[in-house]
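The values are calculated or read from the model by the stated rules, or taken from the named source; none is laboratory data. Small disclaimer: the values here were computed from a predicted structure and weren't measured. When we count neighbours, we look across all protein chains shown, and the Cβ atoms used for this are built from the backbone with ideal geometry, even at glycine. Note: areas computed on protein heavy atoms with side chains; ligands, DNA, RNA excluded. Shrake-Rupley method; radii C 1.70, N 1.55, O 1.52, S 1.80 Å.
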Amino acid sequence: MELLKALWPLWAALSLMNLITFAVYAHDKRIARQGKGKRRVPERTLILLAFLGGAVGALLGMVLCRHKTKHAKFLVLVPLAVILWTLAIGALIAHAIGLF
């Protein structure tokens, strides 16, 4: 329980980042559907958001909004970001409880 209290800023920041990332993916999908010449979110930005902490939000945006699901780089890089963030958080928790 102490661990959860100590890491609450991390959970809050990651939750916010994932929410923002999901919103950006949904917004970009909405613009893509309209097709009225509005400016789209660059693919580089979408991938960067995943690696900056919004990996789960990006994955949910891909699945729930059906956005960028036919692009090979998204099919590789977004799950890779999820795996890396999972490993990083797992290592942080393992270190905090004294496993290494």
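Here are a few things to note about the model shown:
- Residue list for the range 49-84, restricted to those being over 16 Å from A26 (Cβ atoms) and either of a type in the set (S, T, N, Q) or touching a residue at least 40 places away in the same chain (Cβ under 8 Å) (or both): G53
- Residue match in the range 28-46 (condition: under 22 Å from L3 (Cβ atoms) and out of contact with any Asp or Glu (no Cβ under 7 Å at 6 or more places or on another chain)): no
- Condition met for G37 (open to solvent by 60 Å² or more (accessible area, probe 1.4 Å) and among the small types (G, A, S)): yes
- For the range 40-63, taking the residues that are out of contact with any helix residue (DSSP H, G or I) (no Cβ under 8 Å at 6 or more places or on another chain) and open to solvent by 90 Å² or more (accessible area, probe 1.4 Å), the one that is nearest to T21 (Cα to Cα) is identified as L48.
- Residue in the range 13-34 that is surrounded by the fewest Cβ atoms within 10 Å (Cβ to Cβ), counting only those that are over 15 Å from K68 (Cα atoms) and at pLDDT 95 or above: A13
- Elements of type helices (runs of 4 or more DSSP H) in the chain, at least 1 residues being over 18 Å from the mean Cα position of the chain (by Cα) and of a type in the set (A, V, I, L, M, F, W, C): 2-6, 8-34, 72-96
- Count - residues of the range 54-67 that are farther than 16 Å from V82 by Cα and in contact with a Leu (Cβ under 9 Å, 6 or more places away or on another chain): 1
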